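The values are calculated or read from the model by the stated rules, or taken from the named source; none is laboratory data. Owing to the predicted nature of the structure, the values given are computational and were not obtained by experimental measurement. FYI the Cβ positions are ideal-geometry reconstructions off the backbone, even for glycines, and counts take in every protein chain you see. For the accessible areas, the whole protein counts, side chains as well, though only heavy atoms, and no ligand, DNA or RNA atoms are used. Shrake-Rupley method; radii C 1.70, N 1.55, O 1.52, S 1.80 Å.
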Amino acid sequence: MERVKLGKTGIEISKLGIGSGTAHPSGYCAQALMDTKELAELLLFAFERGVNFWDTAFQYGTYPHIREALKKVKRSEVVIATKLTTSHEKDTIRDFEISLRELNVDYLDVCLLHGVRTGHELKTRFNALETLLEFKRKGKVRAVGLSAHGLSALKSVTQIPEIDVVWARVNFSGLCMDPCRHGLYDKLASVSWIKNSVRRFLPKKIIASVRPVPESQMISPDERKEVEDTLSIIHTQSKGVVGMKVLAEGHLRDEAQRALRYVRGLPFVDSSIIGMLNKDEIEENCRAF
Ligand SMILES: NC(=O)c1ccc[n+]([C@@H]2O[C@H](COP(=O)([O-])OP(=O)(O)OC[C@H]3O[C@@H](n4cnc5c(N)ncnc54)[C@H](OP(=O)(O)O)[C@@H]3O)[C@@H](O)[C@H]2O)c1
């Protein structure tokens, strides 16, 4: 498996990373519903095939699985990326420290602001970004950035030198990718206090049932080009770029080879994280990469 440098962070990752946050109708992540040992075994199976890059998030519920897998590998041999949904210093410190504790590690490789939709939302979360940068100065995290859920957030990244890396949704079809304009659900979800209150008080199943279906989130070829052009600019600024939703949450499973070929051919995508739920998928995707 080919390894690449993630921007100028000094972090070396495999071209293929393994995700642990694939959406499931229950509102939980498909991987969080797996037995701890079962997902740990998949992470290690991928690791043995050269995949040293494991993606998680505070919200996914997969910290126990990753902690289990970490019992079998040297900490320095894997790159762990996590994400926080926080906006302010106090909750960022709290969730960052919980992450270290639950993963049983003393540093993270990458910590991202999770699911930023717009430039405006990014501004309201500067406090959280500042807090992550402070953790970076203390050596508790090696790189910081954001996972984007909207083109406007991606565009803002080009203006912020402190951002080391960006995770962005990219595939050949435009399905599940970052839109230029947002519907009501995304507009509400981009307001941090609304998002956090809803998460705290509403059952996951209800939140999942009102989420827009991926088919309604297909962006046009022009919008897709704008996302790709923006990622290209970000990459020329020596920031790391990681692709996600390469298989559009599985909707492109019948065209998997085409989807994998497409993302591998994008010069501005350093690595791609894919949700792989069994060994066959890991083997097939490792072969493709
Ligand atoms: N905002 C964020 O930061 C954010 C949001 C979402 C996800 N993520 C991260 O990005 C990762 C990737 O996103 P995702 O898992 O939602 O979507 P994805 O990688 O586009 O799709 C995952 C699905 O693709 C199918 N698949 C994988 N390899 C395949 C193959 N070789 N052939 C056929 N089907 C294959 C599997 O479906 P089946 O096994 O069901 O067929 C799997 O459930 C997540 O796991 C998570 O770590 C981050």
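Observations, loosely collected:
- Among the residues of the range 130-159, those identified as open to solvent by 10 Å² or more (accessible area, probe 1.4 Å) and in contact (Cβ under 8 Å) with a residue 12 or more places away in the chain are GLU130, THR131, LEU133, PHE135, GLY139, LYS140, ARG142, HIS149, SER152, LYS155, SER156, THR158.
- Residue count for the range 62-96, restricted to those that are of a type in the set (Gly, Ala, Ser) and at pLDDT below 95: 1
- Criterion violated by GLY243 - all others in (1) within 10 Å of the ligand (Cβ to nearest atom); (2) outside any helix (DSSP H, G or I); (3) open to solvent by 10 Å² or more (accessible area, probe 1.4 Å) satisfied: (3)
- For the range 107-143, filtering for residues that are within 14 Å of the ligand (Cβ to nearest atom) and of a type in the set (A, V, I, L, M, F, W, C) leaves 6.
- For the range 261-281, taking the residues that are in contact with a strand residue (DSSP E or B) (Cβ under 9 Å, 6 or more places away or on another chain) and either within 7 Å of the ligand (Cβ to nearest atom) or small (Gly, Ala, Ser) (or both), the one that is most open to solvent (accessible area, probe 1.4 Å) is identified as GLU281.
- Of all residues making up the range 1-31, the number that are within 12 Å of the ligand (Cβ to nearest atom), under 24 Å from SER76 (Cα atoms) and either open to solvent by 20 Å² or more (accessible area, probe 1.4 Å) or modelled with pLDDT under 95 (or both): 2
- Number of residues in the range 86-106 that are open to solvent by less than 50 Å² (accessible area, probe 1.4 Å) and over 18 Å from GLN31 (Cβ atoms): the value is 9.
- All positions within the range 215-238 that are within 16 Å of the ligand (Cβ to nearest atom) and assigned to a loop (DSSP other than H, G, I, E, B): MET218, ILE219
- Residue within the range 37-59 that is under 19 Å from the mean Cα position of the chain (by Cα), in contact (Cβ under 8 Å) with a residue 24 or more places away in the chain and farther than 24 Å from SER271 by Cα present: no
- Looking at GLU255, GLU284, just one residue is open to solvent by 10 Å² or more (accessible area, probe 1.4 Å), assigned to a helix (DSSP H, G or I) and within 8 Å of the ligand (Cβ to nearest atom), and that residue is GLU284.
- Scanning the range 107-121 for residues that are crowded, with 23+ Cβ neighbours inside 10 Å, modelled with pLDDT of 95 or more and either small (Gly, Ala, Ser) or in contact with a helix residue (DSSP H, G or I) (Cβ under 9 Å, 6 or more places away or on another chain) (or both) returns LEU108, CYS111, LEU112, LEU113.
- For VAL73, the stated conditions do not hold, so it cannot be described as in contact with a strand residue (DSSP E or B) (Cβ under 8 Å, 6 or more places away or on another chain) and open to solvent by less than 50 Å² (accessible area, probe 1.4 Å).
- Selection of the range 32-60 for residues being farther than 12 Å from THR82 by Cβ, open to solvent by 20 Å² or more (accessible area, probe 1.4 Å), part of a loop (DSSP other than H, G, I, E, B) and within 15 Å of the ligand (Cβ to nearest atom) yields ALA32, LEU33, MET34, ARG49.
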